[in-house]
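Peer 1: Dropping a structure here in structure tokens format, bear with me for questions.
The values are calculated or read from the model by the stated rules, or taken from the named source; none is laboratory data. Small disclaimer: the values here were computed from a predicted structure and weren't measured. Using ideal geometry, Cβ is built from the backbone for each residue, glycine included, and neighbour counts are taken over all protein chains shown. Protein only, heavy atoms only, side chains kept; ligands, DNA and RNA dropped before computing areas. Shrake-Rupley method; radii C 1.70, N 1.55, O 1.52, S 1.80 Å.
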Protein chains: 2
Amino acid sequence: MSENMLHGGIDAGGTTFKCGLADASGALVASHRVPVTTPEETLAATADWFTAHIEPGTLKTFGIASFGPIDVDPRSASYGTITGSAKSGWSGTNLRAHFENALALPVTLDTDVNGALLAEMTLGAAMGCASAAYVTVGTGIGAGLFANGGFLGRPSHPEFGHIALRRHPGDGNFESVCPFHEDCLEGLASVRAIRARAGSPEDLPANHPVWDIAADYLAQAARALTLTLRPERIVLGGGLMLAPHLISRIRKAFDEQMGGYLEHAPSAELITTPGLGDNAGLIGAILLGQQGTQ
Amino acid sequence: MSENMLHGGIDAGGTTFKCGLADASGALVASHRVPVTTPEETLAATADWFTAHIEPGTLKTFGIASFGPIDVDPRSASYGTITGSAKSGWSGTNLRAHFENALALPVTLDTDVNGALLAEMTLGAAMGCASAAYVTVGTGIGAGLFANGGFLGRPSHPEFGHIALRRHPGDGNFESVCPFHEDCLEGLASVRAIRARAGSPEDLPANHPVWDIAADYLAQAARALTLTLRPERIVLGGGLMLAPHLISRIRKAFDEQMGGYLEHAPSAELITTPGLGDNAGLIGAILLGQQGTQ
């Protein structure tokens, strides 16, 4: 009976797998967090939780929003497989195949940021927008982008964290934390990069000079998105954005950088924090499953 | 009779309006160049040429690929109007309305780079691609982008020339030629910027150091496009790309900058010069008209 049907999903992050089950109305009826260790341990513990919480025959859809790089092409034989070596030991793990086997139903998978973007466009800060971007500013930096009715970067996905940035005048000597790029967004403005300069972001006072550096770089990112895609909304999420003073600094730096060149929506409307907070990824994973492969 | 029907178009550049008429097979049967002066003079001379070359009732479609910024939204009351002040005296000129009146048929209008991109995707260097970018590197720098079945940046268009770039180590003191941005692609790598450093690009020997600076900046642009959109092809056109040694330098700089982070098509396939050369804009304008407003 449809009122008993469940929609499952995993927000598969690099340190935690957040698991959830929603009912037909979309309300979350159960959730659970699995710490990430080895692929074998993590996947087994995750599948065990789902099988323990689902009556046979009641799971209707299942979606995964995962860290990457990951194969997100439904036409690919390795659809759902972590690629590259961004996270040690996980390269080659096929998340989709594992959960299709464990749960005996088709699984839809996309990037964590595409999941969060879908959730924000469906229920959150980008609701009603025809085009939008979700940028996560955490240990790494990545973006999900949507325009013309679908995610961008297909059949792959963006790797927006690695665009080149102009150095902040007060940051000329900082050594990028990205092992690949001395000049990229992730190497200069991720939580790891802030930590390398000044310690844990949670402990930094609002008047620490590193915040203006971070705001300058994240404004350059918002500027690049605006000048390339003209999205209706840019949602900035992830751990660094938990600093409540950061978003207004980014908007100010964005306006200064744009220099009045372009008519655009006021930056307070254009650039915003998530409406769904920390839950965007899990809600997005469940929504990905409900949408299915398109 | 359909074999006598003509398809017209204008590649409306900042210094020249290239006018053309194609037959039903797509072959160009007449073309003409009008130098750009005042809007009144330029538009009158252009319309006069078309009316003198068209038998009554034989013009079937008409398209314009124009310099910008320009309103490209068919649902807008000012669709086809030059906006902003990029070209003195032209702000507020409605190209679409003028030629709809002069030629008595609907006119489809888009940016010059979207026109060139459409031509390259239909008949040129990006034929068969599902996603592609066309970047013009001329007096200014702009890009047309296509993914998910349509141009990106809708209902407006990209302003990609104004993204921020990391300075080349040998270019730290150069003053950007962009009046809005001290750090943007157009301000650092357009023909105007090259000329401000070293004189006319046509006269520069291949071993002049400014070419490596230009290659570095254009590689950063290709890198930004790749990491944001993952286009199947990036076509680099415009006056600066007429230097035959430049494209291979850009590919080399791109590979160095990417640092092996991402699996991507070989840069010699990914980044290329136009297949249609100088004609892409005019062919694109005619194709825009044939496609109509979508």
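Peer 1: Would you compute, for the Cα atoms of region A:1-41, the largest minus smallest coordinate along each principal axis and list the three values in descending order, in whole Å?
Peer 2: Sorted from largest, the Cα extents of region A:1-41 read 37, 16, 11 Å.
Peer 1: If eta is 1.567 mPa s and T is 4 °C, what Stokes-Einstein diffusion coefficient results for the protein assembly as shown, Kirkwood Rh from Cα pairs, in µm²/s?
Peer 2: 51 µm²/s
Peer 1: Restricting to lysine pairs 8 or more places apart or on different chains, what number in the protein assembly as shown have Cα atoms under 28 Å apart?
Peer 2: 4
Peer 1: Same structure again: Roughly how big is region B:115-186's charge dipole about its Cα centre, with Cβ charges of +1 (Lys, Arg) and -1 (Asp, Glu), in debye to the nearest 20?
Peer 2: 280 debye
Peer 1: Summarise the long-distance tail of P(r) for region B:230-294 by giving the % of C-alpha pairs beyond 19 Å.
Peer 2: I get 45 percent for the Cα pairs in region B:230-294 exceeding 19 Å.
Peer 1: Which order do the peptides A:188-201, B:222-235 come out in when sorted by mean C-beta neighbours inside 10 angstrom, highest first?
Peer 2: Highest mean packing first, the order is B:222-235, A:188-201.
Peer 1: Mind grabbing the accessible area of A:D212 for me, 1.4 Å probe, Å², rounded to tens?
Peer 2: Result for A:D212: roughly 90 Å² accessible.
Peer 1: Follow-up question, since we're still on this one. Looking at chain B as a GNM with Cα springs under 10 Å, which of B:N207, B:N279, B:N94 has the largest mean-square fluctuation?
Peer 2: Ranking B:N207, B:N279, B:N94 by mean-square fluctuation puts B:N207 first.
Peer 1: Once the dipole of the protein assembly as shown is set up with Lys and Arg at +1 and Asp and Glu at -1 on Cβ about the Cα centre, which of B:T16, A:F174, A:S66 lies farthest towards its positive end?
Peer 2: Most positive-ward Cα: A:F174.
Peer 1: Could you state the number of Å between the C-alpha centres of region A:1-78 and region A:103-156?
Peer 2: 17 Å
Peer 1: Identify, among B:A221, B:N148, B:C184, the residue whose Cα sits farthest towards the positive end of the charge dipole of region B:145-235, taking +1 on the Cβ of Lys and Arg and -1 on the Cβ of Asp and Glu, with the dipole about the Cα centre.
Peer 2: Positive-end residue among those listed: B:N148.
Peer 1: Right, here's the next one. Can you tell me, using C-alpha contacts under 8 Å and at least 6 residues apart, the relative contact order of chain A as a whole percent?
Peer 2: Rounded, it is 22 percent for chain A.
Peer 1: Continuing with this model, one more query. Using a Gaussian network model of chain B with C-alpha springs under 10 Å, which one of B:I64, B:I250, B:I54 is most mobile by mean-square fluctuation?
Peer 2: Of B:I64, B:I250, B:I54, the most mobile in the Gaussian network model is B:I54.
Peer 1: Quick check on chain A: what does the Kirkwood estimate of hydrodynamic radius come out to from the alpha carbon pairs, in Å?
Peer 2: So the Kirkwood estimate lands at 19.5 Å.
Peer 1: State the answer as a single residue: which of B:F160, B:S131, B:Y261 lies farthest towards the positive end of the charge dipole of region B:125-273, with beta carbon charges of +1 for Lys and Arg and -1 for Asp and Glu, about the Cα centre.
Peer 2: B:S131
Peer 1: Over 14 Å, how big is the tail of the calculated P(r) for region B:174-234, in percent of all Cα pairs?
Peer 2: It works out to 59 percent of all Cα pairs.
Peer 1: Still on this structure, I have one more. Any idea what log10 I(q)/I(0) is at q = 0.16, 0.19, 0.24 Å⁻¹ for region B:69-178, Debye with uniform C-alpha scatterers and no solvent?
Peer 2: -0.86, -1.09, -1.33
Peer 1: Let me ask another. Counting each pair of different Cα atoms once, what's the Kirkwood radius of region B:18-123 in Å, rounded to one decimal?
Peer 2: 14.6 Å
Peer 1: Follow-up question, since we're still on this one. Report, in deg cm²/dmol and to the nearest 500, the calculated mean residue ellipticity at 222 nm for chain B, where each DSSP H run with n ≥ 4 adds -39500 (n - 2.57) and the sum is divided by the residue count.
Peer 2: Only helices count here, giving -10000 deg cm²/dmol.
Peer 1: Here is a follow-up. Nothing charged except the Cβ atoms of Lys and Arg (+1) and of Asp and Glu (-1): what's the magnitude of the dipole of the protein assembly as shown about its Cα centre? Round to the nearest 20 debye.
Peer 2: That gives the protein assembly as shown a dipole magnitude of about 140 debye.
Peer 1: Taking the convex hull of the Cα atoms, report for region B:125-273 its projected area averaged over all directions, in nm².
Peer 2: Value for region B:125-273: 8.7 nm².
Peer 1: What does the charge dipole of region A:125-273 about its Cα centre add up to, to the nearest 20 debye, if the Cβ of each Lys and Arg holds +1 and the Cβ of each Asp and Glu holds -1?
Peer 2: In debye, rounded to 20, region A:125-273 gives about 200.
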